[in-house]
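Just below is one structure, and these are the notes that go with it.
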Amino acid sequence: MLGVFPDTSIIDEELKEIDTILNAINDELNNINSQSLSNIQSQLQAINSELNTINSALNSANSELNTINSALNSIDSTLSSLQSQYSADYGFVIFTTSQTWTVPANVRKPLNFLLIGGGGGGGGGSSAYVGGGGGSGSILYARVLVTPGTELQILVGAGGSAGTGGSSPTAGGYGGLTAIYISQTGGEAQIAASQGAGGGAATSSANGTAGAGGSTANGLNTAAQGSIPLLGVAAYAIAGNAGSGQTPGLAPAINAAYTGSANVNYGMTNSQTTLAYGSGGFGGGVNANGNPGIQGIVAIWWGD
């Protein structure tokens, strides 16, 4: 007996229906995928547009910074030019310590020098008497032509040492010479202000004598100039002031018309804090040490 085969048409219909459903699902998936890619691409384009805007703004800012930098460079160049011109026409330097100074290369005007020698120290006091005050250094003004680039040796005179007081008092020391040297001169000073003398020590029977002021013997050394790069035009020197008793000599000051001098007076009391450069030191009281002299100073300036 032959077997009975099932009806496959029903199965075919079922398979077709499944295939239709799968195709529908695949179409949906394709549609979803297409929409996602489109959205991502749109977002990326928006981001790229924002980045382009930012880049444009940065380029604009960079252009502005370049403009500002160019303007600053122009200002710096102008200031440098003005500074160079000013330093050539006007200048001022002060020296309170010994050192080397080179005349600026662009200075084409005479230099003005003001020198004050170191003041002498005050003498020491004995058991019954006071020491003498030190004398002040002299002052010198000189107007000198100096070749630009010339190296000057600046020597600032020290204040004289203080005398010691007590049973065997000692005199105050001399101040130091304040001077300008040039290497070509072989060690000979070209411009100098003399130092003040120290005050005398007291004895068992008398006060110490006051120190003498610096002399005008140095001044402007025209004899030694020869072929060196320095030529004196004018000079004016004033001797230092001698001490008086225990009181030291004050540094002199030149009158504006160069017709005389006057003391530099800062309301002097028995204190070193009120004395001017180049002044002498006070003599010591009974059994007391004297005070040291005040150092000298050098000022150099040029211009109209």
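The values are calculated or read from the model by the stated rules, or taken from the named source; none is laboratory data. Source: prediction; values computed, not measured. In this analysis, Cβ positions are derived from the backbone assuming ideal geometry, glycine residues included, and neighbour counts consider all displayed protein chains.
Structure above, values below:
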| item | result |
| --- | --- |
| Answer from Thr259, Thr203 - the residue that is modelled with pLDDT of 95 or more, over 35 Å from the mean Cα position of the chain (by Cα) and β-branched (Val, Ile, Thr) | Thr203 |
| Long-range neighbours under 8 Å by Cβ, at least six apart or interchain, first residue over 30 Å from Val103 (Cα atoms) and in the same structural domain as Gln99 (by TED's automatic domain parsing) within region 147-168, second buried (at least 19 other Cβ atoms within 10 Å of the Cβ) and among the β-branched types (Val, Ile, Thr) | Gly163/Thr170; Thr164/Thr170 |
| Subset of region 154-170 [within 28 Å of the chain's Cα centre (by Cα) and part of a loop (DSSP other than H, G, I, E, B)] | Val156, Gly157, Ala158, Gly159 |
| Cross-chain or 6+ apart pairs with Cβ under 7 Å, region 92-121 first and more than 20 Å from Ile238 (Cβ to Cβ) and in the same structural domain as Ala237 (by TED's automatic domain parsing), then aromatic (Phe, Trp, Tyr) and crowded, with 20+ Cβ neighbours inside 10 Å | Val107/Trp302; Lys109/Trp302; Pro110/Trp302 |
